[in-house]
Amino acid sequence: MPYAWRPGMRVTAERLRGGTLCGTVTLLPSVARTQPVYAATFYFGEQTISFPPGFFTSAPVISVTGRTSTPGTVIECSYTGVSVNGVTLCVARSNTTSTIVDWIAEQPL
């Protein structure tokens, strides 16, 4: 991956801009689903996050992390549909407890 700064480069607002957004959302897994691998009913929830217009020039790299006080109940935190305009965050859980999800979106170099 190329380094963003090289000797002699001019300092510009575009280069100083971090290109990173982050946040926290609470997802409510309320849709019951079944899947043969899990061998039980689990609950799914999602929420779409919108990015400020023009913030990203290409689809950002996304990272998500779910928080829980009961390990083993969050099956998966993931995302889908990432674009320069936003991303949809998803959670799958063994119960319908609200789940806090932290997310980071970063402009690729």
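Provide the net charge surrounding Phe42, with neighbours chosen by a C-beta distance below 10 Å and charges set as Lys +1, Arg +1, Asp -1, Glu -1.
+1
Take the Cβ-Cβ distance between Arg10 and Gln47 as r, set R0 to 41 Å, and report the resulting FRET efficiency rounded to the nearest 0.05.
The pair Arg10/Gln47 has a calculated efficiency of 0.55.
For every other residue with a beta carbon closer than 14 angstrom to the beta carbon of Arg33, add +1 if it is Lys or Arg and -1 if Asp or Glu, then tell me the sum.
Its environment carries a net charge of -1.
Classify region 6-70 as rounded, prolate or oblate from the Cα gyration tensor: take a ≥ b ≥ c as the square roots of its eigenvalues, call it rounded if a/c is under 1.5, otherwise prolate when a/b beats b/c and oblate if not.
Prolate.
Using label points projected 7 Å from each Cα along Cα→Cβ, tell me how many nm separate Thr20 and Thr97, to one decimal.
3.0 nm
So, taking all protein chains as they sit and a 1.4 Å probe, how much accessible area belongs to Ile49, in Å² rounded to tens?
Rounded to the nearest 10, that gives 20 Å².
Over the alpha carbons of region 51-109, what is the largest minus smallest coordinate on each principal axis, giving the biggest first in Å?
38, 18, 14
With an 8 Å cut-off on Cα pairs and a minimum separation of 6 or more residues, tell me the relative contact order of the chain in percent.
Relative contact order comes out at 36 percent.
Give me, ordered by chain and number, the residues 5 or more places off Phe55 or on other chains with an amide H under 5 Å from its own placed amide H.
Here nothing satisfies the definition.
Report the far tail of the P(r) of the chain, meaning the percent of Cα-Cα pairs longer than 24 Å.
Across the chain, Cα pairs with separations above 24 Å total 38 percent.
Can you give the longest stretch of the chain with no exposed loop site, where a site means chymotrypsin sites (Phe, Trp or Tyr not before Pro) in a DSSP loop (not H, G, I, E or B) with at most 15 other C-beta atoms within 10 Å?
56-109
The values are calculated or read from the model by the stated rules, or taken from the named source; none is laboratory data. Because the structure is predicted, anything quoted here is derived from the model rather than measured. Quick reminder, even Gly has a Cβ in these numbers, built from the backbone with ideal geometry, and neighbours come from all protein chains shown. Accessible surface areas use protein heavy atoms only, side chains included; no ligands, DNA or RNA. Shrake-Rupley method; radii C 1.70, N 1.55, O 1.52, S 1.80 Å.
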